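Report on the following structure.
Please treat every number below as a calculation from the coordinates, not as lab data. Here the structure is a predicted model, which means the values were calculated and not measured. Every residue, glycine as well, gets a Cβ built from its backbone with ideal geometry; the counts of neighbours run over all protein chains shown.
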Amino acid sequence: MDERIKKCPECGSKNLITDPRHAEVYCADCGVVIAENLVDPGPEWRSYDEEQASKRVRTGPPMSYRIHNKGLSTSVPEVLTRTKKLRGIINMDSSEKILSFALGEIDRMASALKLPTEIREATSVLYRRAAKQNLIKGRSIEELASAMLYIVCRQYHVPRTLKEIEQVSRVPLRKIRRAYIFLVRRLGIKLAPADPAQYVPRFCSELGLSDAIRERAIEILKANESAGTAKGWGPTGTAAAAIYLAANLSGVSVSEKDIAKVAGTTPITIRNRCKELEDNLKINTDTDILSYPHQKGAYFVI
């Protein structure tokens, strides 16, 4: 039926009835057949409950790289549930078993970190790429999967640190860092320096700070972007220092210890970064004015 037909062309009634048995549409008031020989786009089978429909349906979920066979395997009938697991193990070779375990680890860690589906898919694709180049043999699957998850988070600009990934991984931080350096070099991956401003919203949310403090901290980081990158400052420590300065400029009392706990850094690091930010931006906490060091005479009121 043409979706543009909203009423009867003869009497103008909108009371139209679709008759699937005779494949036609007619007006319930005057009886005029409006459309005929309709094609039914539905399945040729019928079902009376969800269980019956699940057994008769022949289509499945879309292809996914998060599954070792990409979700394209043939489903086993319900009567063979006892042999289903055995059949799957027999049909898988050693490489598929390793791939299945690695993809499961990636999905587990991504779920614990509350990462979106596209991050999991991209990490699975990266693991398949490394396996195709024979970079997996002789190395720990857990540390490679953890490092790949961190690389993809950096590529998609999702603020996650190595320490956060270590908390959900089964390997220590030094091994994840070693695997990260190895993969970046061998796969030729180029990553831009992490932007500290990406960590500010999450840190402020966990600290219960207002949107005004969040925006002020981002402005502080933008004003000091070139200097922080050139000195190689850590993104989490820089973000924590900007939040601490923004809170003080707003008259909100937040301890360095609380910010350091949320950011995964130390109060000493926050104190040192705050001092450097104050020197670079010439922050006057009495008048709440920032003076940009690169533009003489340019002032920005925050």
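Table for the structure above
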| quantity | calculated |
| --- | --- |
| Given charges at beta-carbon only (K, R positive; D, E negative), |dipole| of region 94-187 in Debye | 420 |
| Taking 123, 266 and counting other C-beta atoms within 10 Å, the order from fewest to most | 266, 123 |
